[in-house]
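In what follows, a single structure is set out as C-alpha cells and then discussed.
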Amino acid sequence: MFARRAFIVTPFIVALVPLVFATACSSASDSQEQTTLEVYAASSLATPFAYAGLAYEKAHPGMKVEFNLGASSDLARFVQEGAPADVFASADVTNMDKVETQDLLDSQSVIFATNYLEIIVEKGNPLNISSLQDLTDPDLIFVTTSPDVPIGKYTAEVLKKAGVTITPDSFESNVKGIMLKVVSGEADAGIVYHSEVVASDGQVEGVQIPTEFNILAEYPIGIIKNSAHKKQAQGFVEFLLSPVGQALLIQYGFGVP
C-alpha cells in the first residue's frame with residue numbers, strides 16, 4: 001500500500017527549506033483556481049519531494065501537490081489499473097517500463113535522479129558490521145523487501161556480485177519499512193539507498209558497499225497520459241530538472257544524471 005504525504009521532518013531537512021523557497025521563482029497569480037497535482041512516487045523520494053512540493057506550491061499559488069508514496073511496483077500497478085495519477089516517479093526503470101510499454105505516459109520518461117546502496121546498522125554499530133560478508137552471521141537479523149520492489153531487486157544484485165548468500169528474516173513492503181526495523185532495533189541490518197542514510201539524520205549508521213559490488217539506481221519520472229493537469233505536471237517535472245530541483249536532490253543524498 002501507499003502512504004499519502006507521510007514525511008519525517010528533521011532539523012537537517014528544515015535547514016534547506018529557506019534555500020528552496022528563496023530560489024524558487026513565482027509567476028502565478030493569486031486568482032488562479034485551486035488545482036491538485038497527484039504525484040505517485042517511490043517511498044525513497046519522500047524527503048526531497050516533500051520540499052519540492054512545498055517550493056512548487058509557493059511558486060504557483062492555487063496549486064496543491066499531493067504525494068502517494070509506496071513501492072514502485074505497487075505504484076506502477078495502480079497506474080496500470082487507472083489510478084488518478086498525474087505524475088509517476090519510480091525508483092527503477094523496470095517499473096516505469098511497465099507503464100510506458102502500455103502507452104500510459106504522455107511522453108517518454110526522463111531520468112531525474114540516481115542513487116546507490118549502503119548497509120544500514122543501528123546507531124553506534126554495536127555488532128561492528130563492516131562488510132557484506134558480515135551479514136551472513138546466522139545470529140544477525142537482516143531485513144529487505146521482495147525482489148519486485150526496487151530496493152529488494154538491487155539488494156539481490158549486490159549480494160550476487162559479492163558472492164554472498166543471505167536468508168532475510170523478514171520482507172518489508174518498501175525501503176522505509178527496512179529503515180523503521182533497524183531504527184527501532186527490531187533488525188540489526190538492512191541494505192538501503194544512500195539517500196535514506198542521509199535523511200535519517202543520524203538515527204542509523206551507513207556502512208559503505210565497495211563500488212565493484214554496488215549499483216547505480218536510476219529514477220525515471222513521467223507524466224501520465226490521462227492526466228487532467230498536464231501543464232502543471234510538466235511544470236513540476238521541469239522544476240525537478242532545474243538547477244534548484246537538482247540541488248535539492250543532491251542535498252538529500254541523491255545523485256543527478
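Taken together, the values in this text are just the output of simple stated rules run on the coordinates, not laboratory data. In this text the structure is predicted, and so the values were computed from the model without any measurement. FYI the Cβ positions are ideal-geometry reconstructions off the backbone, even for glycines, and counts take in every protein chain you see.
Is there a residue being under 24 Å from Thr35 (Cα atoms) and out of contact with any strand residue (DSSP E or B) (no Cβ under 7 Å at 6 or more places or on another chain) anywhere in region 193-201? Lay out the reasoning, then the answer.
Our first condition is that a residue be under 24 Å from Thr35 (Cα atoms); within region 193-201, this holds for none.
For region 193-201, residues under 24 Å from Thr35 (Cα atoms) and out of contact with any strand residue (DSSP E or B) (no Cβ under 7 Å at 6 or more places or on another chain): absent.
Of the numbered conditions (1) more than 20 Å from Lys161 (Cβ to Cβ); (2) touching a Gly at 6+ places or on another chain (Cβ under 6 Å), Ile250 fails exactly one; give the number of that condition.
(2)
How many residues, within region 31-58, are touching a helix residue (DSSP H, G or I) at 6+ places or on another chain (Cβ under 8 Å), more than 24 Å from Val99 (Cβ to Cβ) and either free of Cβ contacts under 8 Å to residues at least 60 places away in the same chain or hydrophobic (A, V, I, L, M, F, W, C) (or both)?
Qualifying residue count for the region: 3.
How many of the residues in region 205-215 are β-branched (Val, Ile, Thr), touching a strand residue (DSSP E or B) at 6+ places or on another chain (Cβ under 8 Å) and more than 15 Å from Ser130 (Cβ to Cβ)?
Residues of region 205-215 β-branched (Val, Ile, Thr): 207, 209, 211, 215.
Then keep just the ones that are touching a strand residue (DSSP E or B) at 6+ places or on another chain (Cβ under 8 Å); that gives 207, 209, 215.
When the remaining residues are screened for being more than 15 Å from Ser130 (Cβ to Cβ), the result is 215.
Adding up the residues that qualify gives 1.
Hey, could you check region 80-116 for residues that are surrounded by 24 or more Cβ atoms within 10 Å (Cβ to Cβ) and not in a loop (DSSP other than H, G, I, E, B) and say which is farthest from the chain's Cα centre (by Cα)?
The residue in question is Val99.
Scan region 135-152 residue by residue and report those that are in a helix (DSSP H, G or I), touching a residue at least 24 places away in the same chain (Cβ under 8 Å) and farther than 15 Å from Leu75 by Cα. Let's see the steps before the verdict.
If we filter region 135-152 for residues that are in a helix (DSSP H, G or I), which is where we start, we get 135-136, 150-152.
Narrowing further to those that are touching a residue at least 24 places away in the same chain (Cβ under 8 Å): 135-136, 150-151.
Within region 135-152, Leu135, Thr136 qualify.
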